[in-house]
Structure formats: structure tokens, C-alpha cells
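Student: Have a look at this one.
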């Protein structure tokens, strides 16, 4: 009985995969037409539906219907998943404590300490700036490093095209011709002739923007603002200058060497002044800069130099990414 | 004040849905710029002026300019591809 | 439940926007719209819950009068990081377009599979020729 079972399973397997001989009545098959020696007729017999094996049926069905069914399934499942996730999160939100209440767990003792002792310990009038540059200076360092890394990676991606000069080795990648990537399309700034309105407005507003940027950076510990905001404003001044006066003029004083040198030195200064805490066991080494009275510009210890460093990095990065996108080089 | 907050938040949701529905990429980037501007106003309502300045300078300024530049570069590449195709077809004929 | 949602309206809207961003990521075929949502999703998820009144003044050191400054620091970092991620993603998109000729993910995927098959056929051919020679 086991032999019969095994034979049955073997036959079933052969039937599914199509390896075995077709066991239908071969005697009753219709006669094939005679194959003459010089005719080149291809084998045009299409197997009928009940003669195909399961695997062939499956393949045909997938070829015909697979794409549409898959796309419908994928879309419905993704919509259902998103709705379920949003629903769960909304239920969680409704369990949260009310907005702006004083007994929230988010308003705990840390804030008490920051607000009560923040002014005297850091010397900063702006509590947020004092917090991100003194109490939590390491987070700001990580974020500046992320900015720098982003700019360097964009530099690697978009300006590698100019350094490769060889032909593509594979005919397959003939569309991916590095040499033509940026040389076919002329740089954007050279397409423009003298634009009188733009130059007039730019000549008035660029000094104002640079002045505002510097004020926002330097008064970071007194007024709202700080390194990031001031750096972003400075970068917009540089972008406007590049647009109005041509790219060559800005390239004279802000090229790749300048950017890398300034950003690396600013990051290094930041790291040296705040990064030693790992090695001293989180004990704070007193820097020579005095904290001074609250409300002066030259107060707050290390916050002013660090603001300037962060401002330099942010301004250089944002302008550098703009220049890479439009020109291909900084 | 509550009405203004609700209005701004509903405008935010409408902007977000509109970005995913439009077919023109230029429209999508412009709607994204307005989204950034409304976010900046909301930060002022939540009483953090640091975030408002940073969001206005970065979101409605630099990020949108980067998107416009990328779109322009893609448009130039598309035009060059079409030109190359026409030249190759003309040379075949 | 809905009443509580209406009180915490900032967080509810933040969650809804995150959901829209997720749906876009899964369903959208055009690459640039995905990046628009990744940029927007980043700083929405860090919503603050402040008390009233302003921050920054110096000699009044009473706790009750100030906004919670901690989320402000976190969101600041978040905004800047999202800018740099957007710039990187756009640079990758430009290279992607240069190689595959369109911004549609489906056509790019089909082209990628075709290239993969051709590469495998070539590799198999080289192996055969190598065996015959040696």
C-alpha cells in the first residue's frame, strides 16, 4: 500500500510540474501534419486549456492579470495601513493631558532649573539660546556636523561629473554619460543678461540683509534668533548676490577652498570647546571667558563665539548647496 | 484666537492634501512654500520666535529655491533628451 | 473622545499630517512629491505644548511666566536636519533622472529589471566563452 501511495504522490507531482508523460489517451490524439524536410513551419500547436499543467496555468494567469491585481492589492493595503496607524495615533492623542496645562509631565523639574538658574549660570538673556549652546551644546554640535556632512555629500554627488573624462565602458549605460551631465546644460546664471531692476534692488537690499544677519547672530543670547537663523539669512544674501551680479563675482571670494576651510575650522573650534566632557567625566573645565552681567553683548561666556561658528557653517552650507545645484561647483 | 488657530490648521491639512493631488510639479512646490509660511505663523502663535525666524528663512527661502532649481535642471535635461532623439531619428531617415 | 481631540488640536493635526505623509510615501509614483512630504513630516512630529506668556527676559525668574524652552531646541535642530536631508535627496534625484530618463518609479523599475537581465545574460555568456577558451 505504501508503494501505491508513493506512486500516486509521484504521479501527482509529475502532473503538477509537467515532468512526467501526459497520461491522457495518447492514442486518441489527432494526427500531426507531416513534417516535410524543407518547410520551415514553426510549431504552432497551442496547447488547449485542459492540457496545460498547473504551473503553466499559473504563469499565464500571472502574465495576464498579475500586474493589475498586484497594484490594486498594494494600494488598498497601503491605504488601510495608513488609516489604521492614524486611527491608533489619534486614540493616543485623545488620551494625552490637556494642552498647555501646568501639571503636564512635560513641565518637570528640568525646566524649573533651566529657568531659575539659567540666567545666572549661562549669562544668557534668551533662555532657548542659552540652553542649546550651554546646557545642551552637544546636540547643536551634532546638528552642525549633519549640515556639514550633507553639504560634502552633495558636493561629491554633483561635482564628480566634471572629474571623470572617460567614455562609458558599457553600451548599456550610454545614457549615463558623466561628461554631458553638466556641460550640456549651460550654467543658469550665464543665460541672463543685465537685469536692471534686479541689480537696482539687490544693490539696496544686500547690505541690509547682511547687516540683519550679523545682528541676529551676534545678539543671539539677547534677542530671539541665534546661529541658525542668522546663518540662513546670510545665505540668502549670498544667493541674491549670485543671482544679480553673476556667479563669477561671488566665486572670487567664496569658492570651494574657502568654504571647506571655514567650515572645518568652525567645527573644530566647536568640538574643542565643548567636546572634552567625554574625557573629563562630564566635569566642566572653566573657560577663560567670563560670564559677565546679563544684558551686555560681551557676556554669556562661550555662547557668542559658538553662535558665530554655527552661523558660519550654516551660511556656507546653504549657499554651497545652492551653488552646486545651479552651477555644478561652488 | 481659537478660530484663527483652527483656520490655520485646516489650511495646513488642505495644503498637504493638495500637494499630493496636483499633477503639475511647479504647483506642488509653490503650495509647499505656502505650507512653510503658514507653519512659520503657527510658530509665532505658539510663542517661539526663534523657530519662526528659522522656519521663515529656511522653509520658504532656501528649500523652495532648491526645489525650483532641481525642477529647472530636470526640464533642461528633458529638452536635451528630446533634441537628441530628434537628431538621431533625423539622421536615421 | 472627540472632545479631547478638539482640545489637543495641535497634536491631532500633527498626527494627521504624518499620516498623509506616510500615505504619500507608499502610494506616490512621482519622486519629487515624496521629498516634499519628508521635509514637512520632520518638524511636524515635534510639536510643543507651551504654557502662556513669553520667554527671554532676564530679571524675572519666575517659572510660571515662561514657555517651555526644551521643545524649541529640539525643533530647531529638526528643521536644520530636514533641510540638509532634502538637499541630499534632491541631488540623488538628479542623478536618478539622468540615468533612467523619467521621474516615475514604475518605469524606472522596469528599466532596472531589464538592465539586470541583460547584465546576467552577458555574465553567463562570458563564463561560457571563458570555459571554452581555457
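Student: What number of residues within segment C:68-115 are within 21 Å of the chain's Cα centre (by Cα), facing chain A (nearest Cβ under 10 Å) and over 30 Å from residue B:54 (Cα atoms)?
Tutor: 1
Student: Still on this structure, I have one more. Within segment B:78-88, can one find any residue that is more than 24 Å from residue C:19 (Cβ to Cβ) and either touching a strand residue (DSSP E or B) at 6+ places or on another chain (Cβ under 7 Å) or surrounded by 14 or more Cβ atoms within 10 Å (Cβ to Cβ) (or both)?
Tutor: yes
Student: Just for segment B:22-46: of the residues that are within 18 Å of the chain's Cα centre (by Cα) and outside any helix (DSSP H, G or I), which one is farthest from the other protein chains (Cβ to nearest Cβ)?
Tutor: In this case the residue turns out to be B:24.
Student: Keeping to segment A:221-251, report how many residues are in a loop (DSSP other than H, G, I, E, B) and within 26 Å of the chain's Cα centre (by Cα).
Tutor: Selection size over segment A:221-251: 2.
Student: Can you name every one of the helices (runs of 4 or more DSSP H) wholly within segment A:114-196 that holds 1 or more residues which are at pLDDT 75 or above?
Tutor: A:127-130, A:137-159
Student: If you scan segment B:12-21, which residues turn out to be surrounded by fewer than 15 Cβ atoms within 10 Å (Cβ to Cβ) and more than 14 Å from chain A (Cβ to nearest Cβ)?
Tutor: Within segment B:12-21, B:14, B:21 qualify.
Student: What is the number of the single condition among (1) under 17 Å from the mean Cα position of the chain (by Cα); (2) surrounded by 16 or more Cβ atoms within 10 Å (Cβ to Cβ); (3) farther than 20 Å from residue C:76 by Cβ that residue B:72 does not meet?
Tutor: (2) is the only condition that residue B:72 fails.
Student: Could I ask something else about it? Can you name the residue in segment B:56-65 that is crowded, with 24+ Cβ neighbours inside 10 Å and within 9 Å of chain A (Cβ to nearest Cβ) and is also nearest to residue C:30 (Cα to Cα) among such residues?
Tutor: So the residue we want is B:58.
Student: Return only the number of the condition from (1) in contact with a helix residue (DSSP H, G or I) (Cβ under 6 Å, 6 or more places away or on another chain); (2) modelled with pLDDT under 75; (3) within 30 Å of residue A:302 (Cα to Cα); (4) within 8 Å of another protein chain (Cβ to nearest Cβ) that residue A:98 does not satisfy.
Tutor: Residue A:98 satisfies every listed condition except (3).
The values are calculated or read from the model by the stated rules, or taken from the named source; none is laboratory data. What you are looking at is a predicted structure, and each value in this text was computed from that prediction instead of being measured. All Cβ positions, even for glycine, are placed from backbone atoms using ideal geometry, and neighbour counts span all protein chains on display.
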